[in-house]
């Protein structure tokens, strides 16, 4: 399946570069449909995402478009929570041998949330570009930020999905960030989160490294090609179509 996986990575990367919609929400359900177990799909996707987010983080660090304080508060909540999610999976699997079922059901509901978040961000962004809550200093929202990190981090540890889309939606509504700063902060935090969750999944044997490598070989040029032509195609309809595909995938997994 090596060549087929590379081509799939190319297509996923192309869609991500073209629409900005998270790759995990597209990739993980496709891997499961191809017959890969949910646990391997999640663990492999996290490692794959860790590599891609690493290069994105470096670029945004150079551009000084990362809000480090916000990354810190989100990570304080999200990283321990993601680690806890993997531990809970392992404990449940030891006692009930139901790791795959838990992941699949959690994936379904998370995909539905991601699809809704993508549609809201695509069509309602202008309504939330400025609100009173955004103007509050970050220090006043520290506890809330850590709690958001903890809730969403647990979901990412369980499913590999949401490190970009769900956190980006929270940042859009709750924090006053420049467009480039929102993207950079989201990618930098996602790198820390998926790396921590990915290493935990790797520790319990939930990663197929050859699969991750094949996906990277395809997706890197795919992202570059998609990003290059993204300004020449209408973004909103494409994002809506991708969101609907994710929504259908979610309902199929429940």
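The values are calculated or read from the model by the stated rules, or taken from the named source; none is laboratory data. What you are looking at is a predicted structure, and each value in this text was computed from that prediction instead of being measured. So basically every Cβ, Gly included, is an ideal-geometry build from the backbone, and we count neighbours across all protein chains shown.
Is it true that residue 152 is touching a residue at least 60 places away in the same chain (Cβ under 8 Å), over 22 Å from residue 70 (Cβ atoms) and surrounded by 23 or more Cβ atoms within 10 Å (Cβ to Cβ)? So residue 152 fails the test.
One line per residue, one yes/no per condition, for (1) farther than 20 Å from residue 12 by Cα; (2) at pLDDT 85 or above:
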site	(1), (2)
163	no, no
171	yes, yes
180	yes, no
184	yes, yes
190	no, yes
197	yes, yes
207	no, yes
213	no, yes
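Taken as a whole, the structure leaves residue 223 outside the set of residues that are free of Cβ contacts under 8 Å to residues at least 12 places away in the same chain, within 26 Å of residue 158 (Cβ to Cβ) and part of a helix (DSSP H, G or I). If the condition is being out of contact with any helix residue (DSSP H, G or I) (no Cβ under 7 Å at 6 or more places or on another chain) and assigned to a helix (DSSP H, G or I), then region 204-220 contributes 209, 210, 213. Scanning region 226-254 for residues that are farther than 26 Å from residue 100 by Cβ, in a loop (DSSP other than H, G, I, E, B) and touching a residue at least 60 places away in the same chain (Cβ under 8 Å) returns a single hit, 233. Which number in (1) more than 19 Å from residue 197 (Cα to Cα); (2) modelled with pLDDT under 80; (3) assigned to a helix (DSSP H, G or I) marks the one condition that residue 24 misses? It fails just one condition, (1). Scanning for something in a helix (DSSP H, G or I) and without any contact (Cβ under 8 Å) to a residue 12 or more places away in the chain, does region 184-192 turn up at least one residue? Within region 184-192 (the criterion being in a helix (DSSP H, G or I) and without any contact (Cβ under 8 Å) to a residue 12 or more places away in the chain), the answer is no, since none of the residues qualifies. Here residue 14 fulfils each of the conditions (1) surrounded by fewer than 19 Cβ atoms within 10 Å (Cβ to Cβ); (2) assigned to a helix (DSSP H, G or I) apart from (1).
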